[in-house]
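Here the structure comes first, spelled out in structure tokens, and everything after it is commentary.
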């Protein structure tokens with residue numbers, strides 16, 4: 001049973017990395033990634049041995065982050081895929097890992113934004129012009145920031161502190 005729960009827990013980092021790669025190369029996070037994370041949560045939570053109180057708190061945190069993400073989407077601060085990824089990552093991480101997750105995500109988002117603004121500054125124009133289409137899109141003036149990358153960094157950095165990771169170790 002321990003090996004099964006470990007394998008189920010690997011779904012989270014694998015899909016978080018995939019979401020980041022999709023976002024940086026296409027500025028989209030496919031719905032199936034968030035849906036797969038949502039669907040894998042219940043089996044992973046049960047296999048990890050998390051109690052019903054932990055699972056319920058994870059569900060409440062995920063729902064709260066979905067509402068917050070919807071608000072950020074409505075304000076134009078993040079894309080819809082980012083809002084869904086933020087919510088499903090918070091669901092998997094639970095309490096108290098959601099707090100460092102948000103902190104690391106915010107810090108990673110700041111670094112990511114500064115890096116992309118530097119890329120767009122003109123200094124790297126020859127590199128951008130000669131790069132693949134997704135690099136040219138990243139380097140385009142006035143383009144968006146693929147915030148799914150920051151969300152994935154925050155999720156991966158705090159995953160060992162997450163409720164399910166801690167439950168499997170208990």
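The values are calculated or read from the model by the stated rules, or taken from the named source; none is laboratory data. A quick note: this is a predicted structure, and the numbers were derived from the prediction, not measured. No Cβ is skipped: glycine too gets one built from the backbone with ideal geometry, and neighbour counts run over all protein chains shown.
Can you give me the ranges of the helices (runs of 4 or more DSSP H) entirely in region 109-170 with at least 3 residues that are modelled with pLDDT of 85 or more and over 19 Å from residue 79 (Cα atoms)?
Filter on region 109-170 gives 148-158.
Quick check on region 50-72. Is at least one of its residues outside any helix (DSSP H, G or I), within 19 Å of residue 148 (Cβ to Cβ) and either without any contact (Cβ under 8 Å) to a residue 24 or more places away in the chain or in contact with a helix residue (DSSP H, G or I) (Cβ under 6 Å, 6 or more places away or on another chain) (or both)?
Taking every residue of region 50-72 in turn, none turns out to be outside any helix (DSSP H, G or I), within 19 Å of residue 148 (Cβ to Cβ) and either without any contact (Cβ under 8 Å) to a residue 24 or more places away in the chain or in contact with a helix residue (DSSP H, G or I) (Cβ under 6 Å, 6 or more places away or on another chain) (or both).
Of the conditions (1) surrounded by 12 or more Cβ atoms within 10 Å (Cβ to Cβ); (2) out of contact with any helix residue (DSSP H, G or I) (no Cβ under 7 Å at 6 or more places or on another chain); (3) not in a helix (DSSP H, G or I), residue 78 satisfies every one except a single condition; which number is it?
Here residue 78 meets the rest and fails (2).
Quick check: anything in region 42-57 exposed (fewer than 13 other Cβ atoms within 10 Å of the Cβ) and under 20 Å from residue 156 (Cα atoms)?
yes
Give the residues of region 11-46 that are under 12 Å from residue 168 (Cα atoms) and free of Cβ contacts under 8 Å to residues at least 60 places away in the same chain, sorted by residue number.
46
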